[in-house]
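Bear in mind that the values in this text are calculations on the coordinates, not laboratory data. Keep in mind that what you see is a predicted model, and the values were worked out from it rather than measured. No Cβ is skipped: glycine too gets one built from the backbone with ideal geometry, and neighbour counts run over all protein chains shown.
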Amino acid sequence: MVSKNDAMEAVDTLVRYIEGCEGELREGLSETPKRVVNSYDEIFSGYSQNSGEILDSTFNAEGYDGIVLLRDMEFHSTCEHHLQPFSGRGHIAYIPVDRIVGISKLARLLDAHAMRLQNQERITMSIADDIEEHLGPLGCAVILEAQHGCMRCRGVRKQNAVMTTSAMRGVFFEKPEARTELLQLIRNPPIQG
């Protein structure tokens with residue numbers, strides 16, 4: 001296991017590489033290694049979260065058999081390929097059989113997967129896998145839309161490109177009418193409050 005001190009030394013090396021500095025770091029950078037490692041503890045806190053624990057508290061669905069959708073959740077992640085940030089919004093839906101989960105759990109599940117070194121496709125699939133495993137719904141769907149720093153500030157430099165990924169399971173995959181209803185619910189304008 002890498003210690004916090006080892007991590008700070010690694011960041012110090014990167015800062016020196018970027019600055020082309022061999023001596024003392026200038027005042028504005030002297031505490032940067034410590035700040036970066038502390039921020040990483042928060043940014044990558046998804047590694048310490050367990051999907052089963054997030055989804056362990058469920059409630060009787062009381063016969064509800066319609067779509068449960070939490071949409072327009074902002075998320076932030078870090079691309080594992082270039083260590084660049086990507087962020088956007090996520091939509092998570094399921095059709096319960098017996099059990100429902102508190103809506104904040106869906107937001108926490110998104111964050112648990114996003115707050116790791118990731119790619120967008122893995123986040124999308126992992127959330128759908130967790131919902132299927134822990135809730136056993138008739139179907140579930142996860143749609144993520146994000147803008148990627150590795151596309152915006154380097155490489156092709158496409159400022160307005162949005163990547164969309166989806167995982168449709170159960171009735172959302174098998175029945176076009178269920179998928180159409182879900183997409184209409186997602187496209188509705190947000191409630192103004």
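Ranked by Cβ crowding within 10 angstrom, fewest neighbours first, how are M125, M1 ordered?
Values: M125 17, M1 3.
The order, fewest Cβ neighbours first, is M1, M125.
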Determine the gain in length on full extension of the stretch L29-L14; use 0.36 nm per residue of separation and subtract their C-alpha separation, reporting nm with one decimal.
4.3 nm
Among the lysines, which have Cα under 25 Å from the Cα of K175 when same-chain residues fewer than 8 positions away are ignored?
none
Of every Cα-Cα pair in the chain, the percentage lying beyond 25 Å is 46
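Using DSSP to define loop residues, name the trypsin sites (Lys or Arg not before Pro) in segment 7-44 whose beta-carbon has at most 15 other beta-carbon atoms within 10 Å. Numbers along the way, then the final one.
Working: sites: R16, R26, K34, R35; in loops: R26.
Sparse-neighbourhood loop trypsin sites (Lys or Arg not before Pro): R26.
By the scheme Lys and Arg +1, Asp and Glu -1, what is the net charge of all other residues having a beta-carbon under 12 Å from that of C150?
Working: positive: R152, R154, R157, K158; negative: E80.
Combined, the nearby Lys, Arg, Asp and Glu give +3.
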Leaving out same-chain residues fewer than 8 places away, which aspartates and glutamates sit with a Cα under 20 Å from that of K4?
D12, E31, D41, E42
